[in-house]
Amino acid sequence: MCGIVGYIGKNNAKEVIIDGLKRLEYRGYDSAGIAICKDGGLEVRKAVGAIVNLEQVVADPAFDGPVGIGHTRWATHGVPSEVNAHPHTNEDNTIAVVHNGIIENYVEIKEELIREYGIEFRSETDTEVIAQLIGIYYDGDLHEAVNKAVAQMRGAYAIGVIAAAEPDKIVAVRKDAPLIAGIGKGCNYIASDIPAIMERSRQVYFIENDETIVVTADKIEIFDGNNKPVEHEAFTVTWDVDSAERGGYDHFMLKEINEQPKGIEETLLRRLDEDGNIKLDGIELTKEDLDKINKVCIVACGTAYHAGLIGKYAIEKMAKIPVEVDIASEFRYRDPFVDEKTLFIAISQSGETLDTLHALREAKRKGARVLSVVNVVGSSIARESDDVFYTWAGPEISVASTKAYTTQLTIMYMLGLYMGRLRGAIEESYYQRMVSELKEIPAKLARYLEKQKDVKRIADRFHRDNEMFFIGRGLDASVSYEASLKMKEISYINSFAIAAGELKHGTIALIDQGTLVVVLATQDALFEKMLSNIKEVQARGAYVLAVAKEGDTEVEKQADEVIYIPDCPDELTPLLSVVPMQLFAYYVAKARGCNIDKPKNLAKSVTVE
Ligand code: AGP
């Protein structure tokens, strides 16, 4: 997510903003910039990469003043570059804007500004559209111009705006993206998040949705969606800085687990039009293209590979195209059958995993079309792909991947449904039902996440175990592999996952009295089989923790403990069943005192072979 900092007061805006942007570095970013108003003018300076690069370009004392806005950019539209970095300005550089979020209808506004006003855009971003739009409406009243511009915008955003002709104020707006105002002495602040300003002010206003604020050095005015003044009570920040960066959570992993409803919603809903048609962000994938494809190869590593397993199921079931899924480090050395009839899908949160990048190059060399599913705009895998379908999970800081995984699954389902409908492989009624069910997942997941204490209680009981097993059938087997990886990589417990039907072919020899076996039993069609597997391991002394859908109370008669997830179609259960498994691993690791966000021997981005 992008970071916003704004200051108005004495002549030291630059220092305050740089400090604030540094406090927001944990949110992840690829470029940064500052706009300063002084002497009736407005100047913007930006840099790609770390904040230290920005510090170099703003070093001269002349670049400073009483009011300014700054920004750290996490690219969503347009690759990381100086021209795409914020702040963005209107044509005559008299208005500057910083923005966190996505303007869904920026293309239509941009086209209208070009057609009606001959605006010449400099960047690829949706943010520049905001600056140009405000510039068109501006006639001496910044608050009014912002209101007019915002009335035309659709999407989720927090924006901060300054004008050369009104250097005594900052105007900011909140719509579905965080925004706070900080109360200073003879000065005031705006920011995306508390850490940016908490060293300077611990009295903040949380700005509510659709509210606009007009901030001067001595007051903060708040207006509701109908431009009526409203009062807020200031919140006193008592957090320490580290806790504030995690949004009050103890670890980034727990924060990111809880961000999954939002990530799935962003990844899904911004690509659905009002009739439920899936849009692939400009990716050209026509029926003719699909008719030329005789198989899909999904290649990835670790958690992304586990997402690929779900992708295999989704694309085969919904698009009726054969899918091979491979671990990248194996794919590239087996001289794979890949040619121009292959659609190669690379999945990677970081977009920098070297094994996956090399596999992608091998596939391209063999003539395949390459589509990547990536969470980092402009990353190496994104740049070397023919098409990129971005997950919009936001920066994932914790080494253990959680929200990236569920947004990767979301895209697997979207691709399966899109291709299946295009090929006529599924009925329209099935397509519409699945889209409707997918749209309900974020709310179901948010509701489930309110019950985390059940999982914590179970985790506290089993955190001293030295081994544990995860089993399932079909999609539940694939989720078991991910559940086991989460457990081993953050708790260091030697966990093991296996398809339940395989147990009797050897692994069951390891089940002893008291062995914890986590049984994922969410697939209606395989439920009876899973009940048999529960009996099978219990006969060897296992303690069975089952994961089942609400309403499947039969499992309570068999399992020793049950975690229920909200009901949903079998196809979509991984989006929900993985979350108690993420939480289970988290709370076990926490009870064991492990370094959860930075586990030993692991890196967030594996750029070695
Ligand atoms: C998952 O929790 C691990 N951090 C690891 O397996 C990771 O999924 C793998 O290294 C792939 O990373 P990528 O998605 O950035 O390519």
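Which residue, 371, 542, 268, has the largest displacement toward the positive end of the dipole of the chain when charges sit on each Cβ (Lys, Arg +1; Asp, Glu -1)?
Most positive-ward Cα: 542.
With the dipole of the chain worked out from charges on the C-beta (+1 for Lys and Arg, -1 for Asp and Glu) around the Cα centre, which of 297, 474, 12 lies farthest toward the positive end?
Farthest towards the positive end: 474.
Counting Lys and Arg as +1 and Asp and Glu as -1, what is the net charge of the other residues whose Cβ lies under 9 Å from the Cβ of residue 232?
Net charge around residue 232: -4.
At 222 nm, what helix-only mean residue ellipticity would the chain give, in deg cm²/dmol to the nearest 500, using -39500 (n - 2.57) for each DSSP H run of four or more?
-11000 deg cm²/dmol
Using only the alpha-carbon atoms of the range 552-609 as identical scatterers, what base-10 log of I(q)/I(0) does the Debye formula give at q = 0.13, 0.14, 0.26, 0.29 Å⁻¹?
Computed log10 I(q)/I(0) values: -0.57, -0.63, -1.08, -1.16.
My understanding is that a pair violates if its Cα-Cα distance is over 20 Å; which of 488/598; 295/529; 456/557; 317/486; 320/366 do that in this structure?
Result: 295/529; 456/557; 317/486; 320/366 exceed 20 Å.
Grab the Cα-Cα distance for residue 15 and residue 528, subtract it from 0.36 nm times how many residues apart they are, and report the gain in nm with one decimal.
178.2 nm
Can you list, bin by bin at 10 Å, the percent of alpha carbon pairs in the range 422-471, starting at 0?
For the range 422-471, the binned pair fractions read 18, 25, 24, 19, 13, 0 percent.
Can you give me the angle between helix 354-365 and the longest principal axis of the chain, using Cα atoms only, in degrees from 0 to 90, rounded to the nearest 10?
Tilt relative to the chain: about 90 degrees.
Would you mind giving the three semi-axes, in whole Å and largest first, of the ellipsoid equivalent to the range 263-381 according to its Cα gyration tensor?
Values for the range 263-381, descending: 23, 18, 13 Å.
For the range 58-111, what does the equivalent ellipsoid look like in terms of its semi-axes, each the square root of 5 times an eigenvalue of the Cα gyration tensor, given largest first in whole Å?
The three semi-axes for the range 58-111 are 24, 14, 10 Å.
Could you give the Stokes-Einstein D for the range 330-374 in µm² per second, using the C-alpha Kirkwood radius, 25 °C, 0.890 mPa s?
In µm²/s, the coefficient is 235.
Between Rg and the Kirkwood Rh of the chain, both from Cα atoms, what is the Rg to Rh ratio?
Looking at the chain, the ratio lands at 1.00.
Can you pull the Rg over Rh of the range 318-474, Cα-only, Kirkwood?
1.02
With a point put 7 Å past each Cα toward its Cβ, work out how far residue 227 is from residue 437 in nm, to one decimal.
4.7
Could you work out the Kirkwood radius for the range 425-569, taking every pair of different alpha carbons, averaging 1/r and inverting it, reported in Å?
16.1
Specify the angular offset, from 0 to 90 degrees and rounded to the nearest 10, of the alpha carbon long axis of helix 106-117 from the longest principal axis of the alpha carbons in the chain.
The answer is roughly 30 degrees.
Hey, how many Å between the Cα centroid of the range 302-354 and the Cα centroid of the range 237-284?
Centre-to-centre (Cα) distance: 24 Å.
With charges set only on the Cβ (+1 for Lys and Arg, -1 for Asp and Glu), what does the dipole of the chain come to about its Cα centre, in debye to the nearest 20?
Rounded to the nearest 20 debye, it is 1640 debye.
Give me the extension gain from residue 279 to residue 242: residue separation times 0.36 nm, minus the current Cα-Cα distance, reported in nm with one decimal.
9.4 nm
Roughly how far apart, in whole Å, are the Cα centres of the range 559-590 and the range 388-421?
18
When only C-alpha pairs under 8 Å and at least 6 residues apart count, what is the relative contact order of the chain, in percent?
Relative contact order, the chain: 11 percent.
Antiparallel as a % of all DSSP beta bridges within the chain, to the nearest 5?
Restricted to the chain, the bridges split so that about 60 percent are antiparallel.
Could you give P(r) for the range 158-253, binned at 10 Å from zero, as whole percent values over all Cα-Cα pairs?
Percent of pairs per bin, in order: 17, 47, 29, 7, 0.
Relative to the compact globular guide of 2.2 N^0.38 Å, what is the alpha carbon radius of gyration of the range 1-120, as a ratio?
Taking N as the residue count of the range 1-120, the ratio is 1.07.
Whole-Hz ³J(HN,Hα) for each residue in the range 592-608, computed from phi via Karplus 6.51 cos²θ - 1.76 cosθ + 1.60 with θ = phi - 60°, x for glycine and proline: what do you get?
Using θ = phi - 60°, the values come out as 8, x, 7, 7, 5, 6, 10, x, 4, 6, 10, 10, 6, 10, 8, 9, 10 Hz.
Using the alpha-carbon centroid of each, what span in Å lies between the range 93-155 and the range 468-506?
The distance from the Cα centre of the range 93-155 to that of the range 468-506 comes to 50 Å.
Could you tell me which residue out of 232, 243, 135 lies farthest along the dipole of the range 131-273 toward its positive end? Charges go on the beta carbon: Lys and Arg +1, Asp and Glu -1, centred on the Cα centre.
135
If you plug each phi of the range 34-42 into the Karplus form 6.51 cos²θ - 1.76 cosθ + 1.60 with θ = phi - 60°, what whole-Hz ³J(HN,Hα) values come out, in order, with x for Gly and Pro?
These are the phi-based 3J(HN,Hα) values: 9, 10, 10, 9, 7, 6, x, x, 9 Hz.
Treating the Cα atoms of the range 82-190 as identical point scatterers in vacuum, please give the log10 of the normalised Debye intensity I(q)/I(0) at q = 0.10, 0.17, 0.20 Å⁻¹, two decimals.
Values returned for q = 0.10, 0.17, 0.20 Å⁻¹ are -0.26, -0.76, -1.05.
How charged is the neighbourhood of residue 27? Take every other residue with its Cβ under 10 Å from the Cβ of residue 27, and add Lys/Arg as +1 and Asp/Glu as -1.
-2
Could you run the Debye sum over the Cα atoms of the range 332-403, one equal point scatterer each and no solvent, and tell me log10 of I(q)/I(0) at q = 0.12, 0.15, 0.23, 0.27 Å⁻¹, two decimals?
Scattering profile of the range 332-403, log10 relative to I(0): -0.31, -0.47, -0.95, -1.18.
Charges only on Cβ, +1 for Lys and Arg, -1 for Asp and Glu: so what's the dipole of the range 298-406 about the Cα centre, in debye to the nearest 20?
180
Using alpha carbons only, how many degrees (0 to 90, rounded to 10) separate the axis of helix 452-462 from the longest principal axis of the chain?
That works out to roughly 50 degrees.
May I ask you to evaluate 6.51 cos²θ - 1.76 cosθ + 1.60, the Karplus curve with θ = phi - 60°, for each residue of the range 17-31 and list the ³J(HN,Hα) values in order in whole Hz, giving x for glycine and proline?
6, 4, 4, x, 5, 5, 5, 9, 4, 4, 6, x, 6, 10, 6
With +1 on each Lys and Arg Cβ and -1 on each Asp and Glu Cβ, how big is the dipole of the range 213-295 about its Cα centre, in debye rounded to the nearest 20?
For the range 213-295, the charge dipole is close to 240 debye.
Calculate the tail of P(r) for the range 208-297: the fraction of all Cα-Cα distances greater than 17 Å, expressed in %.
Value for the range 208-297: 75 percent of Cα pairs lie more than 17 Å apart.
Based on DSSP, what percent of beta bridges with both residues in the range 491-609 are antiparallel, to the nearest 5?
Around 0 percent of the beta bridges assigned by DSSP in the range 491-609 are antiparallel ones.
Once the piece of chain linking residue 108 and residue 154 is laid out straight, how much longer is it, given 0.36 nm per residue of separation minus the C-alpha distance between them?
Length gained, residue 108 through residue 154: 15.5 nm.
So, counting K/R as plus one and D/E as minus one, what does the shell of residues with Cβ under 13 Å around residue 455 add up to?
Local charge sum for residue 455: +3.
Could you give the C-alpha radius of gyration of the range 4-75 expressed as a fraction of 2.2 N^0.38 Å, taking N as the number of residues it contains?
1.00
None of the figures in this text is laboratory data; all of them are computed from the coordinates on show. Since the model is a prediction, treat every value here as computed from it, not as a measurement. Quick reminder, even Gly has a Cβ in these numbers, built from the backbone with ideal geometry, and neighbours come from all protein chains shown.
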